[in-house]
Amino acid sequence: MVEVEAYLSAGLPGLTFTGLPDVSVTEARDRVRAAVLNSGFNWPNQRITVALLPADLRKNGSAFDLALALAVLAAADVLTAASLASTIWLGELGLDGRLRSIRGTLPAVLAAREGGGRAIVVPSGNAAEAALVTGIEVSAAASLAEVVGALRGDGPPLEGAAASTTLADTAAPDLADVVGQPVARHALEIAAAGAHHLLLTGVPGAGKTMLAARLPGILPALADREALEVTALHSVAGTLPPAIGLIRRPPLQTPHHTASMAALVGGGAGLARPGAASLAHRGVLVLDEAAEFQPRVLDSLRQPLESGRIVLHRSGGSVVYPARFQLVVATNPCPCGAARDRDCCCRPEARRRYQQRLSGPLMDRIDLRIPIDPVSRADLMGDHGVREPSSCVALRVIRARSAAADRWGRFGWTTNSVVPGAVLRARPWRPARAALKSLEEALDKGELSARGCDRVLRLAWTLADLAGQTCPSSAEIAQAVWLRTGRTAELAA
């Protein structure tokens with residue numbers, strides 16, 4: 001919460017700021033002066049001092065324009081200070097006095113409510129977004145003249161803002177479009193049911209990208225709290241479409257393989273903006289052609305995959321963005337991308353170097369590792385009737401997630417992927433000793449790390465939820481080991 005004060009005194013006319021304003025704030029002096037004059041009011045021909053409090057907090061952005069103009073008018077006795085004191089004012093002013101939309105309105109209104117604010121005025125372009133927040137009176141205005149008229153009583157009162165019920169057109173493509181690949185389709189269902197990370201490796205044209213793009217379509221709709229988090233992040237990033245309500249569908253982010261680290265995890269001068277990882281919060285982050293990304297860019301995801309958040313430190317301060325996403329990594333096995341292994345012209349060391357671009361620590365955080373075989377002629381050209389659509393798979397995913405939420409809800413967890421390994425390895429949640437045989441063998445052979453062991457247990461619980469069981473058996477443990485390592489296929493049978 002920032003309080004804007006204005007004081008008029010004798011001296012050369014001008015406007016000075018105190019309170020650590022950045023360039024975007026200090027540039028407001030000419031913009032606000034023109035807006036006041038073009039709205040039909042006089043600009044004080046005195047020395048104006050504006051204080052932005054608390055003074056030790058750096059201020060940035062153009063959202064202070066409206067509050068600055070009203071504070072100056074109040075200091076010039078055009079308005080009374082009492083008429084401004086109980087309301088929060090947000091908005092950027094144009095030279096003609098119009099109120100222009102700003103980024104980050106939704107989280108700003110949330111902060112105003114948490115700070116004890118009872119009423120807030122925002123630009124008309126941000127009205128639908130601001131009205132999504134309950135517990136605070138939200139009004140909208142189109143111009144500075146409209147606001148001043150309402151405050152002085154010689155104009156109509158400001159209209160209350162109404163939340164939009166329009167949904168963004170983000171319908172996900174259907175799984176019925178995918179030809180063949182029964183193992184990969186089942187892995188996609190497992191990933192959705194437990195919120196697990198997924199690696200798809202195979203030759204070009206096998207369907208890796210198609211499968212990854214269809215994961216959001218089988219995920220449950222976002223709950224109110226989750227939808228508010230996601231919508232607020234897109235508001236901060238400036239990617240929220242106008243007149244759109246809460247984002248209810250899990251978001252999908254597909255950054256290009258040339259993306260920088262700042263584009264992926266967030267960055268920028270001043271207050272760092274969220275990157276693709278945060279914009280995929282509660283949704284899916286797809287890294288297609290993952291081996292073509294810079295290794296250091298890929299490794300920047302290692303911490304968010306564990307903590308579910310991204311902390312960005314800059315000279316002006318630090319900011320924390322949530323980043324609880326599902327990662328889907330799709331990659332070719334070699335640089336040449338031959339359609340068949342026997343056509344590959346890469347030397348063995350070249351294939352090894354290419355695969356090592358996905359570092360071991362990053363791979364250790366991926367739960368399912370699925371090889372994708374080329375689509376056969378029989379699958380591609382045959383008439384197999386209607387393939388199972390996303391809607392049918394989504395129903396099974398919802399049932400599995402409901403079972404997990406019923407089991408872990410009292411601990412504050414909703415999916416198997418976020419349950420700590422220490423809990424799964426302790427009673428009463430630890431499976432029977434006989435059921436853990438395949439997992440113990442994989443640990444003894446060095447095929448699994450301690451983190452990998454925990455992730456296998458999480459996978460096993462998801463498989464049990466999909467099967468309608470109350471606890472993983474030896475079959476679910478063995479299948480989870482195979483899905484994790486791919487090295488003991490006989491266990492999956």
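The values are calculated or read from the model by the stated rules, or taken from the named source; none is laboratory data. Computed from a prediction, not measured in an experiment: that's the story for all the values here. Reconstructed Cβ throughout: ideal geometry from the backbone, glycine too, with neighbour counts over all protein chains shown. All accessible areas refer to the heavy atoms of the entire protein, side chains included, with ligands and DNA or RNA removed. Shrake-Rupley method; radii C 1.70, N 1.55, O 1.52, S 1.80 Å.
Remarks
- Pair list, Cβ < 8 Å and 6+ apart or interchain, from the range 25-37 residues that are without any contact (Cβ under 8 Å) to a residue 24 or more places away in the chain to residues that are of a type outside the set (Lys, Arg): Thr26/Phe17; Arg29/Leu15; Arg29/Phe17; Arg33/Leu15; Arg33/Trp43; Leu37/Trp43
- Top-ranked residue in the range 207-216 [being open to solvent by 10 Å² or more (accessible area, probe 1.4 Å) and farther than 24 Å from Trp413 by Cβ; ranked as modelled with the lowest pLDDT]: Gly207
- For the range 256-272, filtering for residues that are buried (at least 21 other Cβ atoms within 10 Å of the Cβ) and farther than 20 Å from Ala330 by Cα leaves 2.
- Hey, Arg214 within 23 Å of Ser278 (Cβ to Cβ) and not aromatic (Phe, Trp, Tyr) or not: yes
- Residues considered: Pro220, Pro156. Of these, the only one that is outside any helix (DSSP H, G or I), open to solvent by 30 Å² or more (accessible area, probe 1.4 Å) and under 30 Å from Glu92 (Cα atoms) is Pro156.
- First in the range 466-486 and open to solvent by 40 Å² or more (accessible area, probe 1.4 Å), second anywhere and among the basic types (Lys, Arg) and outside any helix (DSSP H, G or I), Cβ under 8 Å, 6 or more apart: Gly486/Arg369
- Identity of the residue in the range 225-237, out of contact with any strand residue (DSSP E or B) (no Cβ under 8 Å at 6 or more places or on another chain) and not β-branched (Val, Ile, Thr), that ends up most open to solvent (accessible area, probe 1.4 Å): Arg225
- Filter result (assigned to a helix (DSSP H, G or I) and surrounded by 13 or more Cβ atoms within 10 Å (Cβ to Cβ)) within the range 342-360: Ala350, Arg351, Arg353, Tyr354, Gln355
- Taken together, the residues in the range 245-268 that are farther than 15 Å from Phe325 by Cα and assigned to a helix (DSSP H, G or I) amount to 3.
- Qualifying residue in the range 192-206 (condition: assigned to a loop (DSSP other than H, G, I, E, B), buried (at least 22 other Cβ atoms within 10 Å of the Cβ) and modelled with pLDDT under 90): yes
- Residues within the range 6-36 that are assigned to a helix (DSSP H, G or I) and open to solvent by 30 Å² or more (accessible area, probe 1.4 Å), tallied: 7
- Selection of the range 42-81 for residues being assigned to a helix (DSSP H, G or I) and surrounded by 17 or more Cβ atoms within 10 Å (Cβ to Cβ) yields Asp65, Leu66, Ala67, Leu68, Ala69, Leu70, Ala71, Val72, Leu73, Ala74, Ala75.
- For the range 372-410, the set of residues classified as more than 18 Å from Asp465 (Cα to Cα), open to solvent by 90 Å² or more (accessible area, probe 1.4 Å) and either assigned to a helix (DSSP H, G or I) or of a type in the set (Lys, Arg) (or both) consists of Arg377, Leu380, Met381, listed by residue number.
- Summed over the range 361-371, the residues that are within 16 Å of Val183 (Cα to Cα) and open to solvent by 50 Å² or more (accessible area, probe 1.4 Å) give a count of 2.
- Sole exception among (1) of a type in the set (A, V, I, L, M, F, W, C); (2) in a helix (DSSP H, G or I); (3) more than 30 Å from Ala221 (Cβ to Cβ) for Leu271, by number: (2)
- When the range 323-332 is filtered for residues that are open to solvent by less than 20 Å² (accessible area, probe 1.4 Å) and not polar (S, T, N, Q), the ones remaining, listed by number, are Ala323, Phe325, Leu327, Val328, Val329, Ala330.
- Residue match in the range 132-140 (condition: on the phi > 0 side of the Ramachandran plot, without any contact (Cβ under 8 Å) to a residue 24 or more places away in the chain, within 28 Å of the chain's Cα centre (by Cα) and not in a helix (DSSP H, G or I)): yes
- Odd one out for Arg427, checked against (1) of a type outside the set (Val, Ile, Thr); (2) part of a loop (DSSP other than H, G, I, E, B); (3) open to solvent by less than 40 Å² (accessible area, probe 1.4 Å): (3)
- Index of the failed condition, Leu448 passing every other in (1) modelled with pLDDT under 95; (2) closer than 25 Å to Gly360 by Cβ; (3) open to solvent by less than 10 Å² (accessible area, probe 1.4 Å): (3)
- Restricting the range 84-111 to residues that are assigned to a helix (DSSP H, G or I) and buried (at least 22 other Cβ atoms within 10 Å of the Cβ), the residue that is nearest to the chain's Cα centre (by Cα): Leu106
- Filtered residues of the range 295-322 (kept if without any contact (Cβ under 8 Å) to a residue 12 or more places away in the chain and open to solvent by 80 Å² or more (accessible area, probe 1.4 Å)): Gln303, His313, Ser315
- Qualifying positions in the range 451-460 - over 9 Å from Ala480 (Cβ atoms) and open to solvent by less than 40 Å² (accessible area, probe 1.4 Å): Gly452, Cys453, Asp454
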